[in-house]
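Bear in mind that the values in this text are calculations on the coordinates, not laboratory data. Values in this document were obtained by computation on a predicted structure and should not be read as measured data. All Cβ positions, glycine included, derive from the backbone under ideal geometry; neighbour counts span all protein chains shown.
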6 protein chains.
Amino acid sequence: MLLSDEEKKVTAYHEAGHALVAALREHSDPLHKVTIIPRGMALGVTMQLPIDDKHTYTRDYLETRLAIMMGGRVAEELFLNTMTTGAGNDIEQATELARKMVCEFGMSKLGPITFGKKEEQIFLGREINQHRDFSEATAVHIDEEVRRFADEAYQSAVAILSGKREALIRIAQALLEREVLDAAEIKAVIEGRELPAKVPTPPRTGGGDEELQKVLKPEPGRQPGIQPAPGTA
Amino acid sequence: MLLSDEEKKVTAYHEAGHALVAALREHSDPLHKVTIIPRGMALGVTMQLPIDDKHTYTRDYLETRLAIMMGGRVAEELFLNTMTTGAGNDIEQATELARKMVCEFGMSKLGPITFGKKEEQIFLGREINQHRDFSEATAVHIDEEVRRFADEAYQSAVAILSGKREALIRIAQALLEREVLDAAEIKAVIEGRELPAKVPTPPRTGGGDEELQKVLKPEPGRQPGIQPAPGTA
Amino acid sequence: MLLSDEEKKVTAYHEAGHALVAALREHSDPLHKVTIIPRGMALGVTMQLPIDDKHTYTRDYLETRLAIMMGGRVAEELFLNTMTTGAGNDIEQATELARKMVCEFGMSKLGPITFGKKEEQIFLGREINQHRDFSEATAVHIDEEVRRFADEAYQSAVAILSGKREALIRIAQALLEREVLDAAEIKAVIEGRELPAKVPTPPRTGGGDEELQKVLKPEPGRQPGIQPAPGTA
Amino acid sequence: MLLSDEEKKVTAYHEAGHALVAALREHSDPLHKVTIIPRGMALGVTMQLPIDDKHTYTRDYLETRLAIMMGGRVAEELFLNTMTTGAGNDIEQATELARKMVCEFGMSKLGPITFGKKEEQIFLGREINQHRDFSEATAVHIDEEVRRFADEAYQSAVAILSGKREALIRIAQALLEREVLDAAEIKAVIEGRELPAKVPTPPRTGGGDEELQKVLKPEPGRQPGIQPAPGTA
Amino acid sequence: MLLSDEEKKVTAYHEAGHALVAALREHSDPLHKVTIIPRGMALGVTMQLPIDDKHTYTRDYLETRLAIMMGGRVAEELFLNTMTTGAGNDIEQATELARKMVCEFGMSKLGPITFGKKEEQIFLGREINQHRDFSEATAVHIDEEVRRFADEAYQSAVAILSGKREALIRIAQALLEREVLDAAEIKAVIEGRELPAKVPTPPRTGGGDEELQKVLKPEPGRQPGIQPAPGTA
Amino acid sequence: MLLSDEEKKVTAYHEAGHALVAALREHSDPLHKVTIIPRGMALGVTMQLPIDDKHTYTRDYLETRLAIMMGGRVAEELFLNTMTTGAGNDIEQATELARKMVCEFGMSKLGPITFGKKEEQIFLGREINQHRDFSEATAVHIDEEVRRFADEAYQSAVAILSGKREALIRIAQALLEREVLDAAEIKAVIEGRELPAKVPTPPRTGGGDEELQKVLKPEPGRQPGIQPAPGTA
């Protein structure tokens, strides 16, 4: 997968947005690595490393995740004055999570109540439908609460990134230069410290980082969902 | 399943919430045991022992069950100022029960009438869909009544737990120290009596408590439903 | 199936409610037997014996059936100040019948018109869905008319039972003492006459009453629909 | 199928209602026979004999059919002050026809336009669903127009039967006496002429009337749709 | 298929309505033949002969088609003061076409946008459902626009036929006399010229017109959709 | 596939509309070729050649695509005062893209949130349904935003084409003369320069352009969706 310079730049700012929100919000898992080397469907990845195995998640933690997911799109808008389909996957995940916070975890103003009933396909044990068992009036309230979570996360990302413009630009620049930044390097870049000269990375042999990768579930990444045909009838 | 100290603490307060509401509400089955030893999907369990086999349930009994289910979430909020996905399963069960009280048992202001028609999968005799056979206007009323049951149960739990703050903290502390409390121990802790020194539990051999467990249907427990990926594209 | 004393008492009053409404409403089939001996899923049964085979039913007859069905729940409320899941099956049947009176028999204010179209499963000749072929505005009117039939039946049962409090209590007491009352005995109890001493019933050998039972379709009875788990996570 | 005297009486008045509307409305096919001898599911049948094979139907003809269908229920109400499930099948057919006049034949105020799209089951060539392809606002208009056709037909039957009370009673009486009336006899009864003495009918040998019956599609008749159980739990 | 004289008359006026609108509207394909000889399900057919193969259609052409389809029903109403089920098929096709003009071709006031998403049955490549992907508010607008196309077409047919009453009656009369009219004959009849004496048609041998018929897709014709049973229970 | 002269003319103006918008809007891929030689289902094709492989698309790019798609219909209206079914495919694609911009890419006023949940057919991995998981109120907002994108694109095409009337007419004329125009020729025609004399094209041997065609996904083209039958019953 070969990226044009323009796409590389957008990707660098996009990932820098994720990374800076992750670095500065409370209740965030620590950053592990940021890269703009495409892998699978993803043009870039920002990885975090949970401190411990979690079995439950607090509302603070989930709101932070939403803000981190929004960071990529916000960076595109604030720094490049653009808006790409690359954020589609982030937005989809964020919407799904916000919906769960409202409809499954009872974390919104609608209170400790669940909405919708899962319908499983019997032979496959796979959920195929979310059965709607509430009124249209309730559906309106659910939409409002999902929207509220998304909006607050977006505004949080805007606040963080517009307050740290230089840091974000530095991360994006460093990514364009080095393609990969580890936890220590990101920290240094954010603080405005000089990075040591880049050591040429040895050829990838499946070692080192790959092992860690097994622990980390890589994000499916950017799926534009459209392939504009070059011909118009 | 290894819990972090933070999760253990949240679990202890969560179960203490269930237990204290169960101990203090009228129409409640007597407490049998409370534990924060994870079992299956559940991080902790509060068990009650019905006095007799029930074939029918009164509204009082069911309202009490709702309040007990709400106790876990309420304890998280009142004592730890947090809100976790761990209450998701409680909330789902409570919502389902409240809905049955309105739509199947005719126990709400909507009166002695049922709403919705079960649709069974013919070959499997398994209900696959709840057919909606009423107007949107009625759906609004149903939502309001379900909400009312959930709210009243939540407020009941708030009233009980905020009126017995010390007792709840004592139960949570005892759980963190001993991991399991039986009926007598819970009673003692609530009353502020000293517990006898903890006797080291013999290695689990499937005896004793396990037998009882066959009688008691263990609750499926906490299913967070999300697994936040550490990477954000 | 072993009932606790409390459940026996609720069942006795519940059946007494059915029986007294059946005995006192016009257009009712004559009572045949009332019992609180559990059979199948039912904790108790009130049986009526039609005078002749019916092929069609008048609105008066059906409204009377609705009132009889409501009698059980009403008795729980008026005499025991409780409300149990045991009436769930009565309410479901009454709602279904009221809906047919509105949507299939044209007996409500909506006039001689039918609503909804049955959808049969082709291979099994079994109705699987009630296709909705009317507007939301019409659905509101249908709900109102179904509710009206249910309410009138409920109020009729309230009027009958609160006007004959002593008779109802006598039936319930007699049921608790003898478990079964036949037509003559119910009549005597209602009129306040003394019952002859109870003759010990011979062991059941499948004879006598059982034969009659073939003619009478026993009602599926009380299906609580919930099995409150004793453990709360 | 044995009918009680009460059911026979209701059936006689019901069929007399169909017959008298059929005899007196314009655009009606001529009467052929009326009977209260049960056949299949039907307690009674009113047969008409089309003058010629029709391939299309005028609105006048269809409105007349609606009025004839309503005649049975109207007779029950006006003459016996009752309302039975026996009219359920008439009402269902009338509603279905009125709906077609609005949605398929463009005969209502909604004009020359169709509503709904048939969905056929592909392998069986059998229509299984009526796909709704219009707005809720349109659904309201459709309901109003269907209702209008049904109401006008009902009022037409009321006007005809209340203007000819003696004739209707004479038909019903004659049916109760003779069980079958042919075209000439109905005419005579309506005009108040004496019927010749009843000749004992020869045993049915599948001849005569049966042959005609092949031409006439007998109506499925009365399907009460409920079988009130004699026991109430 | 034998038609009564009444049905023949209605059919002749119906087809004359189609033919006269087709002859007089702009943007219409030229008439080829009109007949009231039943063929398949159709009681009569009006055939047009496209000047050339079309791959796309203009709005003018489609609006003209709508007006031609309406011509049959309009003739029934204006000249025979009746309204038959025979127009059901015309109305259905016109509605379907009007809906496509709004929802697929972007030809209405709703502008260049499509509504609804086809859902194909995968194994058969056959469209089975039109998935609704718009709001109720939009559904109202779509209904209005479909209605507008139908109304304008109906009014156009009314204007044309009421302005040429004599011509229409002449066509209908000629059809009743000759059963078939070709393009030249229709033109002559419209202009009020005398037709040459009818030459007896040779026996049909599958030649001549049949060949042409392969090019022309014969219309499925009149499907009344009801078969009023002569018996009413 | 043989086109009439009228259809050729409409096609030439239609493609000229696409081409001129593509040539003049910013953020557009460069034009490669325009042709009115039918291929497959398409009567004509306008091809663009992306500068580089894109993995993500900006909102500017997608808005430009919408405007190009609208160019064909706009040209029909502005220059030929007609509106054909030939634009149906363009409109369908544009609507689908606009909907994705709103519901999947978060590019509208509704913000960074997704709407609808894809439902895949499990055995085939093929999306069969778009599950609606939002309220009617939200559906109205979505419709408004989709409409806004379509309207703005349409107005953009109107502005461009009505500002360059002579250029458009020149492209259409050149297409009618030569049937194919390459990038250089389109540029020359737009600038009003004379084209060199047309060299007779060698017979197609599958070489040259065909190879390029593999890179370019040809558009499915015009699918009128109706085949007006020449006969009207």
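One table, with the values for the structure above:
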{"item": "Where GluC sites (Glu not before Pro) fall in DSSP loop in the range B:1-102, at most 10 other Cβ within 10 Å", "result": "B:Glu26"}
{"item": "Over 21 Å (Cα to Cα) - which of A:Lys117/B:Lys100; E:Lys164/E:Lys187; E:Lys54/E:Lys100; C:Lys164/C:Lys198; F:Lys9/F:Lys164; F:Lys33/F:Lys100 fall in this group", "result": "C:Lys164/C:Lys198; F:Lys33/F:Lys100"}
{"item": "Angstrom value of the Kirkwood radius, inverse mean 1/r, which spans all Cα pairs in the range B:129-197", "result": "15.3"}
{"item": "For residues of C:34-41, the mean tally of beta carbons on other chains within 10 Å", "result": "1"}
{"item": "For E:Met70, C:Met83, order by how many other beta-carbon atoms lie within 10 Å, fewest first", "result": "C:Met83, E:Met70"}
{"item": "Peptide B:57-66 - average C-beta neighbours from other chains (10 Å radius)", "result": "4"}
{"item": "Neighbourhood net charge (14 Å Cβ-Cβ; Lys/Arg +1, Asp/Glu -1) for D:Ala98", "result": "-3"}
{"item": "Rg in Å to one decimal, and Dmax rounded to a whole Å, for the range D:1-153 via C-alpha atoms", "result": "17.5, 50"}
{"item": "Shape category assigned to the range E:19-101 from the gyration tensor of Cα positions, a/c cut at 1.5", "result": "prolate"}
{"item": "Averaged over C:164-170, number of beta-carbon atoms from partner chains that fall within 10 Å", "result": "0"}
{"item": "Residue-wise HN-Hα coupling along the range B:53-62, computed from phi with Karplus coefficients 6.51, -1.76, 1.60 (Hz; x: Gly, Pro)", "result": "5, 9, 10, 9, 10, 7, 4, 4, 4, 6"}
{"item": "Distant-in-sequence amide H partners of F:His32 (H built 1.01 Å from N, under 5 Å)", "result": "F:Met47, F:Gln48, F:Leu49"}
{"item": "Residue-wise HN-Hα coupling along the range B:25-32, computed from phi with Karplus coefficients 6.51, -1.76, 1.60 (Hz; x: Gly, Pro)", "result": "7, 5, 6, 9, 5, x, 5, 10"}
{"item": "Rotational relation C to B, axis-closest Cβ in chain C, residue and distance rounded to whole Å", "result": "C:Glu136, 6"}
{"item": "Relative compactness, the range E:1-56, computed as alpha-carbon Rg over 2.2 N^0.38 Å", "result": "1.29"}
{"item": "Ascending list, in nanometres, of distances separating the F:Asp53 label from those of the other copies (7 Å, Cα toward Cβ)", "result": "4.0, 4.0, 6.9, 6.9, 8.0"}
